[in-house]
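Engineer: Supplied in structure tokens, the structure appears directly below.
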Amino acid sequence: MNLDIPEGKHPIEHVWGDMVPGIGPAAANFSLAVYVHTTLGLREFEAARLRIAQINGCLFCLDWRTERDGLKVEEEFAGAVAEWRTTDAFDERTRLAAEYAERYALDHHNLDEEFWDRMSARYSQSEIVELTMSLGSWLAFGRLNRVLGLDAMCVLPGH
């Protein structure tokens, strides 16, 4: 952990709430909104989220699986995300979500016309904006948690 957390304080609540009360709760609300208000399918959502988690190295994000209506992606899904170029486990929307996540995080200056043609053929403009905002949330907050060492302090229920 790269911050001093007062004894008896929960690290996540302290950092995201107490330390920067004008920013932390707003950031937490944005982070939550991505999950609560998404219109994206679970597989494409998780492909993008997990690819960002893999790039960030956020331990909590790597372990997390989004659940919708009692459903989660299969256990092998994270491995397929890492191999998004060659896996046969993805349809085109899911593959594009993983590709966009990787390029957004590592090579956003080279999102060229060919890429946008492929994106626009599979996603509506509203879905592209939603996915982009989601990527921004995951990149920023997963990286924040990893850099500050909070990712090792998050515990998933049942772990």
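Conditions (1) closer than 19 Å to Ile12 by Cα; (2) part of a helix (DSSP H, G or I); (3) touching a Lys or Arg at 6+ places or on another chain (Cβ under 9 Å), marked per residue:
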position	(1), (2), (3)
Gly79	no, yes, no
Arg93	no, yes, yes
Met119	no, yes, no
Glu130	no, yes, no
Met133	no, yes, no
Gly136	no, yes, no
Leu139	yes, yes, no
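Engineer: Do we find that Val147 is hydrophobic (A, V, I, L, M, F, W, C), touching a residue at least 24 places away in the same chain (Cβ under 8 Å), open to solvent by 50 Å² or more (accessible area, probe 1.4 Å) and within 30 Å of Gly17 (Cβ to Cβ) in this structure?
Structural biologist: Yes.
Engineer: Looking only at the stretch 1-47, filter to residues that are under 28 Å from Tyr100 (Cα atoms), in contact (Cβ under 8 Å) with a residue 24 or more places away in the chain and not in a helix (DSSP H, G or I); which one of those is most open to solvent (accessible area, probe 1.4 Å)?
Structural biologist: Thr39
Engineer: Only one residue in Phe115, Phe60 is part of a helix (DSSP H, G or I), touching an Asp or Glu at 6+ places or on another chain (Cβ under 9 Å), at pLDDT 95 or above and of a type in the set (Phe, Trp, Tyr). Which one?
Structural biologist: After applying the criteria, what remains is Phe115.
The values are calculated or read from the model by the stated rules, or taken from the named source; none is laboratory data. Here the structure is a predicted model, which means the values were calculated and not measured. Heads up, the Cβs are rebuilt from the backbone with ideal geometry, glycines too, and the neighbour counts pull from every protein chain shown. In case anyone asks, the SASA skips ligands and DNA or RNA and just uses the protein heavy atoms, side chains included. Shrake-Rupley method; radii C 1.70, N 1.55, O 1.52, S 1.80 Å.
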